[in-house]
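Worksheet for the structure shown next.
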Amino acid sequence: MLPQRILDGFARIPHDAFYDNDYYGEFNDILTKACFPDDAFSVHPYYLLPHAVNEFPTDPELIVPYVVKVNNQPIFFLEISRPSVLDGISGRVHADKHMRTIYRRLYDVTPTPRLHGVSVMGQRLAFYCLDKPRPV
């Protein structure tokens, strides 16, 4: 069970929240204090840019709110959307396409045979994973 202060934080966010980042603080607490409290993990925003580009992205599709890394390599990511994304099929399709874009960008740099990701829409979660082919 999550600490009451985190649950209270979620309860204060309206269903029709205008910004995705209304949820960032609560999920940051969950990732850093509940899921990955060990010093081996780092949790931070991630920008899906080619390594040669040093500019901040202007396209929000290139920003992933949270990526968990070990030895500076991604092993898990969390994408956050407003709860209203669930209200229509087009929002759900867009969220799924965004998750697939993130997987394509992280596929070559993840050190693990399976990369896990979670799409958060308000307080609802959709779980994803991508397996790399195993050598024969």
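Derivation of every value follows stated rules applied to the coordinates shown; laboratory data play no part. In this text, all values refer to a predicted model and were calculated from it rather than measured experimentally. All Cβ positions, glycine included, derive from the backbone under ideal geometry; neighbour counts span all protein chains shown.
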> Which ³J(HN,Hα) values in Hz, rounded to whole numbers, follow from the phi angles of the range 118-135 under the Karplus curve 6.51 cos²θ - 1.76 cosθ + 1.60, where θ = phi - 60° and Gly and Pro get x?
Replying inline: 10, 9, 9, 10, x, 9, 9, 10, 10, 9, 10, 8, 10, 9, 7, x, 8, x
> Could you put Asp87, Asp108 in order, starting from the residue whose Cβ has the fewest other Cβ atoms within 10 Å?
Replying inline: Asp108, Asp87
>> Cross-link candidates for Lys69: which lysines have Cα within less than 22 Å, leaving aside residues fewer than 8 places away along the same chain?
In response: Lys33, Lys132
>> Give me Val43, Val93 sorted ascending by neighbouring Cβ count inside 10 Å, so fewest comes first.
In response: Val93, Val43
